[in-house]
Amino acid sequence: MRYYFMKPMLMLLLLLLCFGLCDAKPFDIQAFSDTTQYNWQDYRDRASYREDLLLRQNRLQLYELESVPFNANLLKSAVVPGWGQFATKHDTKATVILSLELVTVIGAVYFHNQAKNNYDKYFEADQIDDINNYWGKAEKPYHYSLMLVGLASVIWGYNIYDVVISTNEYNAKLWDDIMQRQGSSPLQITPNGLELRF
């Protein structure tokens, strides 16, 4: 049964191949080798173009090696606020963001624990004065804890917003720096090593 199915498929494939070869246009070597279509008048123009192409490829490789990947940097900052800013060399901003985030989170945990301890005492109390006293002592730290959690969320959101801008600025500045380095110095660092131009 398989053989009967394979035979028509093979015939169809051969038929398509024959039609494809019959319809093929001949290769025009003259049009392909005409260098004037690239505005090359002689071998010097071709060599100049090749050198320019290699220079651009080296710049692009350097950029890819030194640039900060956007998605990875965004993930870094989402996990640890300020990490993405450290990666883009915005150290002061990163330190401020990380410090504010740590202070608000630690403060929120501290006030939450304080409220929880007072709530536990409230739950165990059996005198009405103790119940009211512990409830009042539990309520205030709990609200402080909620406010600090809200502030930590705002700081985290700003951190994400800022890392997007910082990464784009860093990569744009990096490209300008690479262009400046490549053009001004006879000694250049390329992906393949050091290169000295005379």
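The values are calculated or read from the model by the stated rules, or taken from the named source; none is laboratory data. Predicted, not measured: the structure shown is a model, and the values here were computed from it. In this analysis, Cβ positions are derived from the backbone assuming ideal geometry, glycine residues included, and neighbour counts consider all displayed protein chains.
Residue check, Gly107 against (1) touching a Phe, Trp or Tyr at 6+ places or on another chain (Cβ under 9 Å); (2) modelled with pLDDT under 95, all met but one. Which one? All conditions pass for Gly107, except number (2). Within the span defined as the range 112-125, every residue fails to be in a helix (DSSP H, G or I), touching a residue at least 40 places away in the same chain (Cβ under 8 Å) and touching a helix residue (DSSP H, G or I) at 6+ places or on another chain (Cβ under 6 Å). Residues considered: Asn58, Asn133. Of these, the only one that is surrounded by 14 or more Cβ atoms within 10 Å (Cβ to Cβ), modelled with pLDDT under 90 and farther than 30 Å from Leu174 by Cβ is Asn133.
Does Asp162 fit the bill of being more than 28 Å from the chain's Cα centre (by Cα) and farther than 17 Å from Leu62 by Cα? Considered against the rule, which asks whether it is more than 28 Å from the chain's Cα centre (by Cα) and farther than 17 Å from Leu62 by Cα, Asp162 comes out as no.
Residues that are basic (Lys, Arg) and modelled with pLDDT under 80 do occur in the range 4-12.
Residues of the range 79-113 being of a type outside the set (Val, Ile, Thr) and under 13 Å from Leu146 (Cα atoms), which ones? Selection gives Gly107, Ala108, Tyr110, Phe111, His112, Asn113.
Only one entry of Gly183, Gly150 meets the criterion of being at pLDDT 90 or above, assigned to a helix (DSSP H, G or I) and within 39 Å of the chain's Cα centre (by Cα), and that entry is Gly150. Here Trp40 clears all of (1) at pLDDT below 75; (2) part of a helix (DSSP H, G or I); (3) touching a Phe, Trp or Tyr at 6+ places or on another chain (Cβ under 8 Å) except the condition numbered (2). Looking across the range 82-96, the residues that are out of contact with any helix residue (DSSP H, G or I) (no Cβ under 6 Å at 6 or more places or on another chain) and in a helix (DSSP H, G or I) come down to Asp91, Thr92, Thr95, Val96.
Yes/no matrix, rows are residues, columns are (1) outside any helix (DSSP H, G or I); (2) among the charged types (D, E, K, R); (3) over 13 Å from Val163 (Cβ atoms); (4) in contact with a helix residue (DSSP H, G or I) (Cβ under 6 Å, 6 or more places away or on another chain):
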site	(1), (2), (3), (4)
Leu60	no, no, yes, no
Glu64	no, yes, yes, no
Leu75	no, no, no, no
Leu98	no, no, no, no
Asn133	no, no, yes, no
Tyr142	no, no, yes, yes
